[in-house]
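For reference, the structure discussed in these notes is given below.
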Ligand code: ADP
Ligand code: MG
């Protein structure tokens, strides 16, 4: 037997040591139940998985166990047949479900009657989450590679076509379709531009800038769209100083993408709120990935539009994810990339039919304004 001394009260025969191993050392949960549906065994891992103490359940009815577990036990007792590798979900009081893999084995008397069962449970939630993440990363990677090479190819061909069509249009200004063709060419050009920006590692050109100027310029560019839709703007720029090192053009694009989305989400007469604040160095409220803890600038872009459903929340920043018939699904992917290139972070909070707030943090510089 191993040297490590068993707990007091557990020393003694080999069979007691075996019980101790079963109870405290197994990495899977083991629960045994007799034919009266009373719990007869409940090891440490079972306590962790179910958040019930052995004393609470031992000798008591299985009804104290989580319902999906009771069902599996009842099924085995009734049918006398084992369950192998079935996945059940243990509800976790509001937090995400635990996914459990369960195996049951009935034990029988000499006459063959079912005298009880043993259930062995494994928590596979973490493994599942990893798997889902890996699949997502893999997909993103292939989409990224594909879109980079496609965008380059198409752009080359497009430059040739555009030159020729521009010439044709120059000589046929009156042609019915001239205007539409020109508009659509512009659209293709901008989609390709966005795709290249997203997939190509265009290095931002950093310079000292003031956040309020970049925001105001971006707001100015969408002003007529806001007027058309009678959107009211609340602008609270509290960050002072608001200097940072960044690429003004790229940040402008990041903000405009957020403004466009907010406008799309709101009905006429909606309200767009854009606010900034300076978060002093060392704040524990907000921190950046990478653990830098200098002063931060926070920008919040908030709308009172349709909001985002929980299912869509996880996919927002995926390239090509869109819920709009005419959407490209690239806006947020690009915005996040730009913010990350600026060593910042972006988060979102949303309530369906309440509205959405995107919150960006960027490292502030110590420059004077
Ligand atoms: P696109 O605008 O082309 O659809 P984006 O990447 O900008 O692509 O946005 C992806 C999706 O995220 C949108 O289709 C929409 O469903 C959702 N979304 C983004 N911003 C908002 C917002 N402010 N309110 C509601 N939904 C939003
Ligand atoms: Mg968009």
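Read the figures in this text as sums done on the coordinates, not as results from a lab. Remember, predicted model here, so these are calculated numbers, not experimental data. Heads up, the Cβs are rebuilt from the backbone with ideal geometry, glycines too, and the neighbour counts pull from every protein chain shown.
Taking each pair of different alpha-carbon atoms in the range 18-123 once, compute 1/r for the pair, average those values, and report the inverse of that mean as the Kirkwood hydrodynamic radius in Å to one decimal. Working shown, then result.
Numbers: mean 1/r = 0.0725 Å⁻¹.
Radius from the Kirkwood sum: 13.8 Å.
State the extension gain, in nm to one decimal, for the chain segment bounded by residue 87 and residue 51, taking 0.36 nm per residue of separation less the distance between their alpha-carbons.
Computed gain between residue 87 and residue 51 is 11.1 nm.
Extending each Cα 7 Å along its Cβ direction at residue 283 and residue 235, get the distance between those two points in nm, one decimal.
A separation of 2.2 nm, rounded to one decimal place.
So for 303, 247, fewest C-beta neighbours within 10 Å to most, what's the order? Walk me through the numbers on the way to the answer.
Values: 303 26, 247 20.
Ascending Cβ contact count within 10 Å gives the list 247, 303.
Given 0.36 nm per residue, what is the gain on full extension from residue 24 to residue 110 after removing their alpha carbon distance, in nm? Mind dumping the intermediate values first?
On the way: separation 86, 0.36 × 86 = 30.96 nm, distance 3.01 nm.
Difference between extended and current length: 27.9 nm.
Fewest Cβ neighbours within 10 Å first, please rank 342, 220 accordingly. List each step's numbers first, then the result.
Numbers: 342 21, 220 9.
So the residues, fewest neighbours to most, are 220, 342.
Just rank 190, 115, 365, fewest to most, by other beta-carbon atoms within 10 angstrom. Walk me through the numbers on the way to the answer.
Working: 190 11, 115 14, 365 18.
Sorted ascending by nearby Cβ count, the order is 190, 115, 365.
Run the numbers for residue 269 and residue 347: contour at 0.36 nm per residue of separation, minus the present Cα-Cα distance, in nm. It would help to have the intermediate numbers written out before the result.
Working: separation 78, 0.36 × 78 = 28.08 nm, distance 2.57 nm.
Length difference between fully extended and current span is 25.5 nm.
With a point put 7 Å past each Cα toward its Cβ, work out how far residue 175 is from residue 217 in nm, to one decimal.
With each label point 7 Å from Cα toward Cβ, the separation is 3.6 nm.
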